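Q: To start, I am sharing the structure in question, which I have written as structure tokens.
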Amino acid sequence: MRIGIIAEGRGDLAVISNILRGQLGIDFEDIQFLRPQYALDETDLHAMSEDQFSNWGLVKQECRTGSLLEEFLNSPIDEERMVVIHIDTAEAELPGYDVTRPSGSTGDSAIELHRRVAAKLDEWLSRRKSGQFHYAIAIEETEAWILTLHQKKETSTARDPKKALKKVLGQRHSDKERKQLSQMRAYEHHDKLSRDFRKRSTLEDCATRNHSLRLFLESLASNEEG
């Protein structure tokens with residue numbers, strides 16, 4: 001199987017790659033980064049500059065124009081292919097994204113927000129075969145997924161998961177560890193923090209504490225069953 005990823009940024013690529021490796025048992029070599037940038041190994045990723053990376057607007061653009069999607073999915077190489085599309089919800093109400101956030105900050109509102117963003121991605125991907133795509137919709141940000149490795153409570157309702165994760169790491173890491181993390185580039189930083197997702201048992205346990213992570217794993221599981 002070959003899996004392409006379209007994501008908002010470098011840290012998201014790392015988190016999603018580790019999840020795919022844990023859930024599907026695939027190798028890093030089976031993953032291809034379509035956006036922000038593709039055909040790179042892990043060493044190359046650590047050296048990439050900021051302007052080589054994506055955001056939600058470029059994710060939308062790729063979903064609508066589909067040039068990288070078409071090239072990847074229509075490859076002459078005979079192997080099963082699918083695409084994971086990542087997007088955060090932190091900026092869902094901005095013009096162009098245009099998803100109204102449901103009221104409240106409960107689990108039900110997180111699930112409803114996920115549904116609305118999924119519908120928006122369906123709209124952007126109109127006329128494409130839905131079975132080839134799996135949505136990695138992170139309620140607020142993928143840092144909320146990483147938080148599940150450190151907290152035993154629901155994390156999809158955190159309105160500022162970046163801040164919450166930074167606080168937890170500050171409490172649990174030594175000064176030396178915090179310094180090492182601060183010196184890492186985004187991909188390396190998020191890869192280190194989410195590496196335990198490569199263990200399927202850990203990943204499945206974490207998914208019980210975040211609705212959007214659970215929904216992503218369920219989407220991937222449906223592909224396995226298919």
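The values are calculated or read from the model by the stated rules, or taken from the named source; none is laboratory data. Keep in mind the model is a prediction, meaning the values are calculated, not measured. FYI the Cβ positions are ideal-geometry reconstructions off the backbone, even for glycines, and counts take in every protein chain you see. Accessible surface is based on the protein model in full, side chains and every heavy atom, while ligands, DNA and RNA are left aside. Shrake-Rupley method; radii C 1.70, N 1.55, O 1.52, S 1.80 Å.
Q: Only one of the listed values, (i) 25, 21, 17; (ii) 31, 21, 16; (iii) 50, 17, 14, was derived from the coordinates as semi-axes √(5λ) of the Cα gyration tensor in Å; which label is it?
A: Structure-derived value, by its label: (i).
Q: I would also like to ask the following. Report relative contact order for region 96-226 in percent, whole number only (criteria: Cα-Cα under 8 Å, sequence separation at least 6).
A: 29
Q: For the pairs Lys120/Lys163; Lys162/Lys192; Lys60/Lys120, flag any whose C-alpha to C-alpha distance is greater than 18 Å.
A: Pairs exceeding the cut-off: Lys120/Lys163.
Q: To continue, here is another question. Let's test the formula: R0 of 35 Å, r as the Cβ-Cβ distance of Asp122 and Asp30. What FRET efficiency results, to the nearest 0.05?
A: Efficiency, rounded to the nearest 0.05: 0.85.
Q: Something else about it: Is it possible to state the helix-based mean residue ellipticity at 222 nm for the chain, with each DSSP H run of 4+ residues giving -39500 (n - 2.57), the sum divided by total residues, to the nearest 500 deg cm²/dmol? What is it?
A: After summing the helix terms and dividing by residue count, I get -14500 deg cm²/dmol.
Q: What FRET efficiency, computed as 1/(1 + (r/R0)^6) with R0 = 35 Å and r the Cβ-Cβ distance, is obtained for Asp160 and Glu204, rounded to the nearest 0.05?
A: So, using R0 = 35 Å, E works out to roughly 0.85.
Q: Given 0.36 nm per residue, what is the gain on full extension from Lys153 to Arg81 after removing their alpha carbon distance, in nm?
A: Gain on extension, Lys153 to Arg81, equals 22.4 nm.
Q: Rg/Rh for region 135-178 to two decimals, with Rh computed the Kirkwood way over all alpha-carbon pairs.
A: Ratio of gyration radius to Kirkwood radius: 1.01.
Q: Next question, about the same structure. How much of the accessible area of the chain, in percent, comes from carbon and sulfur atoms when a 1.4 Å probe is used?
A: 45
Q: Sort region 63-176 into rounded, prolate or oblate with this rule: let a ≥ b ≥ c be the square roots of the eigenvalues of the Cα gyration tensor; rounded if a/c is under 1.5, and if a/c is not under 1.5, prolate when a/b is larger than b/c, oblate otherwise.
A: oblate
Q: At a threshold of 8 angstrom on Cα-Cα distance, excluding pairs fewer than six apart, so keeping six or more, what relative contact order does the chain reach in percent?
A: Here the relative contact order equals 27 percent.
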